[in-house]
Each structure stands twice: as structure tokens, then as C-alpha cells.
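First comes the structure, then the notes that go with it.
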Amino acid sequence: MAAAGVPQSEAGMNSFFPSLDIPSTLTTIPNSEQRPALPTSSHHELTRHPSAFQYPYHSSTVTIGSTAQPEAHVTPFRPSLDGLEIEPQKLEDCYSLYFKHYHSIIPILDPQQSWRDCFQYSPLLFWTIIVTGSRRYGLDPTLLEMLAPKISSLAALATIRASEYIPTISALLLLCVWPLPMENASDDPSPVYAGVIMQLSQQNGLHMLGRRQDFSQSHLIRDTNSDIFLATLWAWCKLICCCVNVYCGLHPHLFEDAFDLEPQSNDVLDSLSRPVFWMLHFVGLMSNAHHTLMRGRYGEEDVEMPYQLLAMIKFYDDEILRIRRQAQGNLAEIYFNSARLHTGAYYFFIFKLSPLKLSRLVELHHVACAFIKNITDRDQIDDYALYISEQYYRTLTLAAMVILRICRSTELNSTIDYSHGEQSYFAAIRIFKKRALKNNDLNARMAATLSQLWRSKRVFVRRDGSMDSLNVRIRTRGAMGVAYDCLWYWRQEFLGQSNPYSEESNSDHAQSQRPSVANPQAVTSASQPTTQLPDFDTSGCAPLGVDDDAFFSEWNWSTNAFWSGDLSQGFGESVIGM
């Protein structure tokens, strides 16, 4: 039911998108007693943001009429999906479960709207809500498995309908946060969904708030409320798509948008809720951080790179801590620990075992334990682990692999609080088991994999018997290379697969690449580098190993321990909390 001159996808916006200043668990994790209640009040005292489907850029709101009819004329409402019909009571249950357990994590829909109106507005969005709510629906545990393949097909079809971009973007955001069950990470369509979200957003000008008219063939009438909504929706798109790429080991989307280019955007920024305001700043920082750290060369031949990489990682870690102080509680602690973990994982890319690298890895061990503690503490209150986003599941994998590597290290295992790391590692396994939707999904498989890796006596062991757990061989997948590298050790030992990153494989590869002696010209050309390594100015970075004591001042430790060869035993437990 669209108004004249208003695109169909925008006409009914008042029906399904709420006040987007409601806090979420990506910003402030609600207390357990708050979770069952549907949010009804504004988090921020500024203008209450209208429904997400209420306006973009037309002078009057257009309401989709309710499907409710007088009692005497009520007709059965049984929506079907590709021939599959589900009892209305089950649909209503799953719809309610979504808003009870999932909505607060990404509050872009209106919990006051009925499931019938939602279906009339967008079948894709409706069925996405239903399948997400069915993840823990005990009255019919078969529902998720029946719906999943049909939702995948529906989502694929919707990606080519650019005119219905608002509900498509919203549904794909939900599918990125809670992907459908999969057995292998290679089956995950989330990076594809993230790409579609970003392209649809740009195609319709969401990234250029003040210049949306340039992307429309109709005359758009701007108003402050619509600007706030679109800015908020764009913030969620940036955050979730960045997270998808980071936890999949891919380069994040990086480009300038209205908030980088338009001076007038400050008025909109000031009108946003504080969590969304800081979320915009934070996602910009993390996109730049991962883009910068992923494009470097970190091979053994790059003698100058260790000090530059150490400096870059420290810079971005300091920026994360700075935003944490400035945000003053508007962003949840779990997100800062997640970001620090993904950034600090690049310390494994440094081949040289310098005292500074060791000290930073000790700090990273505590950040990993703190991240796991964030989840387990919350889970003890209200089963938080059952509903957390895919972002935190993948980061939980990274945290466990970081702990495994550091606990196996001969340089650090007697220095860190080994028992604390071990208990955190086991807690991660319990979370994976609890979060599993079926026996052989990614959660269940990861729980088994982590258990086998912890018991293994061969993981990270070189041919000469030495331990090499502090270096990573997969260096093009960002921080997640730390986890992917561990999985190859697991495949080699427990599945009997040939490890392409093992010493034997590298030796065979080098032998196969060696030119024949019968061709002296080939030998000569092979001995000369094909590219010249640029000159790096490391004069300001070289003293880091001696002078940079910022980390130790926080924990009351001394850098002298790493220069004496006798590392201190009193490193204590992490005090980083929620």
C-alpha cells in the first residue's frame, strides 16, 4: 500500500522499524530482568527516533493497514514458504522468541508490530525473523532444519530486487548476525550477504546522507527524523559488514561516507543515540586498523618490519582503549575485548621472538581470557551464549586458539597464569557445546576440535622437536589466520591430511621451484629479487623493546623480566571485566 510517488520499499516504513536509540547487546548488554520485556522507551533523551520504515524522504508517513479484521469476517492466515505451511501458533511463537531474545542485539525492527503485518510488508523479512526465532524453539525442533534451505533460496532471490532494498538489507543483516546452521565455514554465505548489503546501501545513497537525491530518480524530501534513521541503519550496516569480513579473514569494506566528507553531518551525529554515535567512530577505527594490518608483508625476509608492525599494533590498541574511555560505558566491554583480541593477534605475525613481542603476547593472553569471561559471566545470568552473534562465536574461536598457542609456548607457559588460561579454554569449549544447534554444526565440531588440540602432544612441534607455537604461517587472512593455522595442525594429526604449511611441504615446494643447473641463466635470474623492498624508517621504533613500558605500568610488572631470561612467575589473573 504505497503512496503515490513513494517507492514501495519505503512506503511502509512506519510499520516495522522502531526507535533505533534503544540500546543493544553490541553496545550495552541488557540485564537479565530486562530481556523478556519489549523495549518501549528511548535510551537517549534527544529526539525519539521514528520507526525504521516510517520515512525516508517523503513529507507524510504511509501506514500499511493492519491485516486484523472484524471477528465475524476473520479468515485463516497461513503464510506458506515454497509449499511449506506452518501452524500459525508456531509462527507466532517464533516471532515472539525473536523479539524476546534476539531483537536487543540489533534493534532495527519494531516489536509492537504483528507478525501478520510483517509478512504483508516483506515475506523475506518475515521468514528471516521466524527462522531466527526457531533456533531455540523447543516445541518443534525440526522447524529450523525445514526452513533453512528455503530461507537461503528466498534471500538469494531477494538480492536482485534492488527496489525493495530496505527489507532486504534488514533481513540480510539478521542472517549475517545469526547465520543458518552450517557444517563448514566455507559454506557461510555471510560475506556474500555483507557485499550485497553494502552495494544496496550505496546504490540507494545510504552512505551519502546529504546527497541521496543523486541516487534517486524521484524527488526526495528530507527531514531530520529520516536522516537520523538512515544514519543509524547505515551505522549498523557498517558495523555488521565489517565484523563479517574480519571474522571470515577478509579485508573489510573501506571507503569514505557522508560522515567523513560532509561538514553538515555533525548535526545528524549529534542527534544520534550515544551508543550509535560511538559505534560509528569505533567501526571506522577497526576498519582502518584491519585494512592497514592486513596489507603488510610479514615474512622472515622483512628484517625491518617487526618494529613497524609492533608500532602499528600498539597504536591501534591504544586507540581502542582511548575510545573505551571516551565512550563512558555506551559500548559494551565485550566489544572492546573482541577488538583488542583481533588486533593483538597480529603479534603472532612477527617471527623474531623479541622481549617486546613476548610481553605483548602475555597481555594478549589476558585479553583472550577476559573475552571468554565476558561471555561466560553473562551466560550464567541469562543463557547469553545461546543468542550471541556469529561475530562473538568466531572471536571465541580466536580467543581459544590464542590461549592454546601461548600455553604451549616454551617461552611463556611458565610465566603466564597457565591454570587461568586452561580454565578459560575449557569454558570456551562448554560455550560451543551449549551453542550447538545440531550434532555436526560448526559449534559442535569446534568443541571437538578444541578438545583434541588441547590433548595433542604433536601440535606446533617442529621436526627437530622444538615448539613453534608463537608464529603463524597463514598470513593473508588477518587475525583469523591464527585460528586457520591451528586447524591445519588439527587436520594433519587427526584427519591424516597433508599439511601444505608443514616444513616437509615447504621443503618440497622449494625443491620443485629450484631452477635446473643446466640452465645457468635461470639460476642467475632466480637469485635476484623480483621486487625491491621499500626502505622503512624504523629509527623511531627500534627502542620500543627497551622504553615502551606502558603495558607493564598497568599491571605493575617490569620489562626487566624479559631481558634477564628469567620471566617472572607472578603474573596473576586478568582483571578485565564486563
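The values are calculated or read from the model by the stated rules, or taken from the named source; none is laboratory data. Just so it is clear, the model here is predicted, and its values are computed rather than measured. Here Cβ is always computed from backbone atoms with ideal geometry, including for glycine, and neighbour counts include all displayed protein chains. Side chains are part of the model used for accessible areas, which takes the heavy atoms of the whole protein and leaves out ligands, DNA and RNA. Shrake-Rupley method; radii C 1.70, N 1.55, O 1.52, S 1.80 Å.
Observations, loosely collected:
- Scope segment 475-486; condition surrounded by fewer than 19 Cβ atoms within 10 Å (Cβ to Cβ) and in contact with a helix residue (DSSP H, G or I) (Cβ under 7 Å, 6 or more places away or on another chain); matching residues: Arg475, Arg477
- Given (1) free of Cβ contacts under 8 Å to residues at least 60 places away in the same chain; (2) surrounded by 16 or more Cβ atoms within 10 Å (Cβ to Cβ); (3) closer than 25 Å to Ala148 by Cα, number of the condition Lys434 does not satisfy: (2)
- Exactly one residue out of Ala370, Ala332, Ala327 is in contact with a Leu (Cβ under 8 Å, 6 or more places away or on another chain), in the same structural domain as Thr410 (by the TED database) and either on the phi > 0 side of the Ramachandran plot or touching a residue at least 12 places away in the same chain (Cβ under 8 Å) (or both): that is Ala332.
- Within the set Leu412, Leu404, Leu356, the sole residue that is of a type outside the set (Asp, Glu), touching a residue at least 12 places away in the same chain (Cβ under 8 Å) and touching a His at 6+ places or on another chain (Cβ under 8 Å) turns out to be Leu412.
The rows are residues; the columns are (1) under 18 Å from the mean Cα position of the chain (by Cα); (2) at pLDDT 95 or above; (3) surrounded by fewer than 17 Cβ atoms within 10 Å (Cβ to Cβ); (4) of a type in the set (A, V, I, L, M).
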{"residue": "Thr395", "(1), (2), (3), (4)": "yes, yes, no, no"}
{"residue": "Ile406", "(1), (2), (3), (4)": "no, yes, no, yes"}
{"residue": "Ala444", "(1), (2), (3), (4)": "no, no, no, yes"}
{"residue": "Ser456", "(1), (2), (3), (4)": "no, yes, yes, no"}
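- Among the candidates Asp417, Asp382, residue that is at pLDDT 95 or above, surrounded by fewer than 23 Cβ atoms within 10 Å (Cβ to Cβ) and over 24 Å from Gln492 (Cβ atoms): Asp417
- Any hit, segment 208-221, residues being of a type in the set (A, V, I, L, M, F, W, C), surrounded by 15 or more Cβ atoms within 10 Å (Cβ to Cβ), in contact with a His (Cβ under 7 Å, 6 or more places away or on another chain) and touching a residue at least 12 places away in the same chain (Cβ under 8 Å): no
- Only listed residue being modelled with pLDDT under 95 and either touching a Cys at 6+ places or on another chain (Cβ under 9 Å) or not basic (Lys, Arg) (or both), chosen from Gln423, Gln391: Gln391
Yes or no, residue by residue, for (1) closer than 20 Å to Lys352 by Cα; (2) of a type in the set (Asp, Glu); (3) in the same structural domain as Leu144 (by the TED database):
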site	(1), (2), (3)
Thr395	no, no, no
Thr410	yes, no, no
Thr415	yes, no, no
Tyr418	no, no, no
Gln423	no, no, no
Asn440	no, no, no
Ala448	no, no, no
Asp464	yes, yes, no
Ser469	yes, no, no
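- In segment 150-160 there is at least one residue that is closer than 21 Å to Gln391 by Cβ and crowded, with 16+ Cβ neighbours inside 10 Å.
- Leu450 in contact with a helix residue (DSSP H, G or I) (Cβ under 6 Å, 6 or more places away or on another chain) and either on the phi > 0 side of the Ramachandran plot or part of a helix (DSSP H, G or I) (or both): yes
- When residues in segment 333-354 are screened for being open to solvent by 10 Å² or more (accessible area, probe 1.4 Å) and not in a helix (DSSP H, G or I), 4 of them pass.
- Test: residue in segment 466-474 that is under 16 Å from Ala185 (Cβ atoms), touching a residue at least 24 places away in the same chain (Cβ under 8 Å) and assigned to a loop (DSSP other than H, G, I, E, B): yes
- Qualifying positions in segment 355-396 - under 17 Å from Ala427 (Cβ atoms) and outside any helix (DSSP H, G or I): Asp383, Ile388
- Yes/no for Gln391 being open to solvent by 10 Å² or more (accessible area, probe 1.4 Å) and in contact with a helix residue (DSSP H, G or I) (Cβ under 6 Å, 6 or more places away or on another chain): yes
- In segment 437-458, the residues that are over 11 Å from Met182 (Cα atoms) and basic (Lys, Arg): Arg455, Lys457, Arg458
- Here Gly138 qualifies as of a type outside the set (Val, Ile, Thr) and open to solvent by 40 Å² or more (accessible area, probe 1.4 Å).
- Residues being in a helix (DSSP H, G or I), over 30 Å from Leu239 (Cβ atoms) and either at pLDDT 90 or above or open to solvent by 30 Å² or more (accessible area, probe 1.4 Å) (or both) - total across segment 288-314: 1
- Taking the conditions (1) surrounded by fewer than 23 Cβ atoms within 10 Å (Cβ to Cβ); (2) closer than 18 Å to Ala399 by Cβ; (3) in contact (Cβ under 8 Å) with a residue 24 or more places away in the chain; (4) in contact with a helix residue (DSSP H, G or I) (Cβ under 7 Å, 6 or more places away or on another chain) in turn, Trp278 satisfies each one other than (2).
- Check on Glu87, surrounded by 14 or more Cβ atoms within 10 Å (Cβ to Cβ), free of Cβ contacts under 8 Å to residues at least 40 places away in the same chain and farther than 23 Å from Thr168 by Cβ: no
- Flag if Gln89 is more than 21 Å from Pro179 (Cα to Cα) and modelled with pLDDT under 50: no
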